[in-house]
Amino acid sequence: MPADVETAAREQFSAVLTRDVAPASLDLDADMAGSYALTSLNKVLFLTELCEATGVDLAHFTEEDLAEMRTLRDVTEALGRHAAPASAPTSNHGA
Amino acid sequence: MTGDTLGRLFTGGPAPGHIAVASLLGTQSIPLAELVVRAERVAQRLLAQGVRPGDRIGILAANSLEWVLLDLAALRLKAETAGLEPGKFEASRALMDRYAITLLFTDRPADAPGIVPMAEVAAWAAPDGAAEPLPVLPPPPDWAAGDVTTVKFTSGSTGEPKGLGATAGSIDSSLLAVQEIFEHGPGDDLFVFLPLSLLQQRYWVYSALLNGHDVTVSTYEAAFAALRRARPTVVMGVPAFFETAKRQIEARLRRAGGDRTLAEEAQAVFGDRIRYLWTGSAPAAPSMLGFFADAGLPIYEGYGLNETCIVTKNHPKAHRDGSVGQVLRGKHVLIDADGVVSVRSDHPVNDHYIYAKPGDSERIFGPDGTVRTGDLGYLDDDGFLFIRGRADDVIVLDNGKKVVVRPIEELMKADPAIAECVLFCPGQTDLVAVVSPAAEAADLGAVAARLAATNAAVAADERISRVVVADPPFSIGNGLLTSQYKPKRQQILAAYHDAVHDPEEGIHAR
């Protein structure tokens, strides 16, 4: 998986959590809902923002694909298959 | 009776607007006139499948155009719908038998007699999809006020969901009352992403057909992405959605580092055409409501239960901070001596549950359909309703003073260092708070400062004597939050029983 996808995933995930958890201390294999109290709406927001930040079209995924992403590693691997290896856009202001 | 609303869906002539349906794959848009044509084709197919007036079809699927078509087709035939939320129900023959469903439409994997894939509905709606001539539809039906159009299911915390048949009169009354205050019309685009199994979400499709505005229906998962594409004028959401959007806007502002304004970032999330944001169904935090007002996006909170439909609503012409708005036409708010709110409707949603345990209906419904809400509230001199909490959130002190805990808990939770606050009264004399910190490493100084600020803002009997800081914070995993992220009071008290009852423990008020 491209390293920038994991970095962006950690940052975006940390940003949507209701409590402070540093991006670097997130466990990639922890259940996002059970361990980090990620609500279903925050998950939708997290994935929308992450796709925008990494330049991955959300339309690569179905609603069922999203439901099956339970850990950060599931997310980074899924996006990694579609992310450009370098020069992915990082701006969040283009929406 | 419903000649201005349900009775006019199929007789009012072509509406000028469009319906857009958004999923992660993209958005498809068709004119509302075409929506009606397709719904009538689906109605013909239902008729051909043996569905008759009064029969019930079930829909267990994510939001989609086919969901809307089935709902309208059922209305066209005067059949009932049962809106079943995916995740809460499994598509099966047992489900059909339990709820007397003639045909069950689903987008879930299922195979049993009477279960129809949603994909088949798309084919039914196509212009030349039928191999044989289809039956001719009868004239559009007349709806009497007491006719049931759909069954809603209430999400009780335990046991099987109860059913509640929604009457045509209640839908008619609500659609007219909402239109009177919001005046939706051409140029508006109402954005819906909550499940269509919730009847109120379908109101906005009916409203589009009746009032000629656009409506965008999104899947839950595509909500944020679709918002950016749709540029709606109105967004329908629960407070949790707007809390999430608030955090998104705040994160964007931080990343922008002062180069962007709050209004610009809010527009980046909601689009640049917002007329107002609609919220209700659960209490909204004043901090969230104030945030969107500051961002230039008016947000209007209302009040209602499944059993009452929309009772009160703030709106552009009558809005008061802290209230849930004035009472809608056709609704009557009654407040008893204990401050408990009941609601009487000219056209009640119903006067009983179905598929419920004995006694369930009697606990909520009076003989005339008046609903005992269990909420505490009061009306001000101008008729604005203020909800103070649940009747079972009241603590009675030994001096007889009743303390409503929710407003005090909200004051504590307004601090960014505090994620949750639950009040207890171990000795019937003083209040003890258990606070769940926002960070793993609790900011004890901020909690102490918030305790002092809260005590300065409340009456003497409402002051908190001590704060016990939860370690670790409440979570679903440790059993102290519900799956809806609400604190579980009894479990929290059990977990922190010793600290709550030990006068030496915690941060003490000064």
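Every number in this text was worked out from the coordinates using simple rules, so none of it is lab data. None of these values were measured; they are calculated from a predicted model. Because the Cβ atoms are built from the backbone with ideal geometry, glycine has one as well, and the counts that use them run over all protein chains shown.
Miscellaneous remarks
- In segment B:68-139, Cα pairs under 8 Å separated by at least six residues give a relative contact order of 22 percent.
- Calculated FRET efficiency, B:K486 to B:K401, Cβ-Cβ distance, R0 = 35 Å: about 0.85 to the nearest 0.05.
- When the Cα gyration tensor is reduced to axis lengths a ≥ b ≥ c, the ratio a/c is 1.5 or higher for the protein assembly as shown, and with a/b not above b/c it is classed as oblate.
- Counted by neighbouring Cβ atoms within 10 Å, the residues B:R41, B:R363, B:R344 run from fewest to most as B:R363, B:R344, B:R41.
- The slack in the chain from B:R260 to B:H332, taken as 0.36 nm per residue of separation less the alpha-carbon distance, amounts to 21.4 nm.
- Checked against a 23 Å cut-off, the cross-linked pairs B:K357/B:K402; A:K43/B:K486; B:K331/B:K488; B:K413/B:K488 give Cα-Cα distances beyond that limit for B:K357/B:K402; B:K331/B:K488.
- Evaluated with a Cβ-only charge set (Lys, Arg +1; Asp, Glu -1), segment A:3-80 carries a dipole of roughly 280 debye about its Cα centre, given to the nearest 20.
- Percent antiparallel among DSSP beta bridges (both partners in the protein assembly as shown, rounded to 5): 55 percent
- Normalised contact order of segment B:304-427, rounded percent, pairs of Cα under 8 Å and 6 or more residues apart: 18 percent
- Charge tally for A:S25 (other residues, Cβ to Cβ under 11 Å; Lys, Arg +1; Asp, Glu -1): -2.
- A simple spin-label model places pseudo-atoms 7 Å from Cα toward Cβ; at B:D272 and B:E410 they are separated by 3.5 nm.
- With neighbour counts taken as other beta-carbon atoms within 10 Å, the residues B:T11, B:T370, B:T308 rank, fewest first, as B:T11, B:T370, B:T308.
- Overall form of segment B:1-88 per C-alpha gyration tensor (a/c, 1.5; a/b vs b/c): oblate
- Order of B:I171, B:I476 - criterion: other Cβ atoms within 10 Å of each residue's Cβ, fewest first: B:I476, B:I171
- Summary of the geometry: segment B:159-237 and segment B:1-65, compared by the centres of their Cα atoms, lie 14 Å apart.
- Considering only chain B, percent of DSSP beta bridges that pair antiparallel, nearest 5: 55 percent
- For chain B, the alpha carbon convex hull comes to 165 Å³ per residue, rounded to a whole number.
- B:A453 paired with B:L137, simple spin-label distance in nm, labels 7 Å along Cα-to-beta-carbon: 5.8 nm
- Residue-averaged beta-carbon neighbours from other chains (10 angstrom radius) around B:15-24: 2
- Summary value for chain B: 10 percent relative contact order, contacts being C-alpha pairs under 8 angstrom separated by 6+ residues.
- Per-pair calculated FRET efficiency, R0 = 51 Å: B:R510 and B:N478 via Cβ, rounded to 0.05: 0.95
- Neighbouring Cβ atoms from other chains, within 10 Å of the Cβ of residues in A:45-54, number 4 on average.
- The slack in the chain from B:Q428 to B:D502, taken as 0.36 nm per residue of separation less the alpha-carbon distance, amounts to 25.2 nm.
- Modelled spin-label separation between A:E64 and B:A122, with each label point placed 7 Å from Cα along the Cα-to-Cβ direction: 1.3 nm.
- The length gained on full extension between B:R390 and B:Y355, counted as 0.36 nm times the residue separation minus their Cα-Cα distance, comes to 10.1 nm.
- Peptide-level mean, for B:240-248, of C-beta atoms on other protein chains within 10 Å: 4
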